[in-house]
Structure formats: C-alpha cells, structure tokens
Amino acid sequence: MKKGSEKRGGNLPLMCRITVDGEIKQFSCKMDIPLWLWDVKNNQASGKSAEAQKINRAVDKIRVEVTAAIRN
C-alpha cells in the first residue's frame, strides 16, 4: 500500500516492490484497495468477500508473472 496517496473513497494504490541482485524495483499494480481490507503481514487482502478474493487473485497473478520474468 502506498500510504500518503489516498484516493477518493479512502482507497490506497497497491504497489509491488521486488529486489533483484540487490537492486530494488517498484511498480504500481494498478489497483486501489481499502486500507482496512489489506493484511500487511500476509501481503494480501483479508477475509473471504468477493472483493478480497478478486484482489488476491490479481496479486497471485502478479507474483507468478514476476517470478517467471526473473527466472528467464
């Protein structure tokens, strides 16, 4: 979550940050998420609501794509 960049409705943009060979890369996941829904410890949306499941599917897809890109 990118704190300090609150959007209308109280949502915050979700960012992805990875470190490759000691170099930090960061990019936007193009999603705005309510702060109360995000579980910082587990790096995913908490709960079983449709919104949480949609967010978690998108986050999992990004993880797979980043992992595949690093391996290649």
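The values are calculated or read from the model by the stated rules, or taken from the named source; none is laboratory data. On a predicted model such as this, the values are computed, not experimentally measured, just so you know. Glycine also receives a Cβ, built like all others from the backbone with ideal geometry; neighbour counts cover every protein chain displayed. SASA here: full protein model, heavy atoms, side chains in, ligands and nucleic acids out. Shrake-Rupley method; radii C 1.70, N 1.55, O 1.52, S 1.80 Å.
Quick notes
- On Cα atoms only, tilt of 50-71 relative to the major axis of the chain in degrees: 10 degrees
- Carbon/sulfur fraction of accessible area - the chain, other protein chains in place, 1.4 Å, %: 50 percent
- In summary, the aspartates and glutamates within cross-link reach of Lys54, defined as a Cα separation below 13 angstrom excluding same-chain residues under 8 places away, comprise Asp32.
- About its Cα centre, the chain has a charge dipole of approximately 140 debye under the convention of +1 per Lys or Arg Cβ and -1 per Asp or Glu Cβ, with nothing else charged.
- Between Ile62 and Ile24, the contour length at 0.36 nm per residue exceeds the alpha carbon distance by 12.0 nm.
- Note on Lys48: aspartates and glutamates with a C-alpha under 16 Å away, same-chain residues under 8 apart excluded, are Asp39, Asp60.
- Relative contact order of the chain, defined on C-alpha pairs under 8 angstrom at six or more residues apart (%): 19 percent
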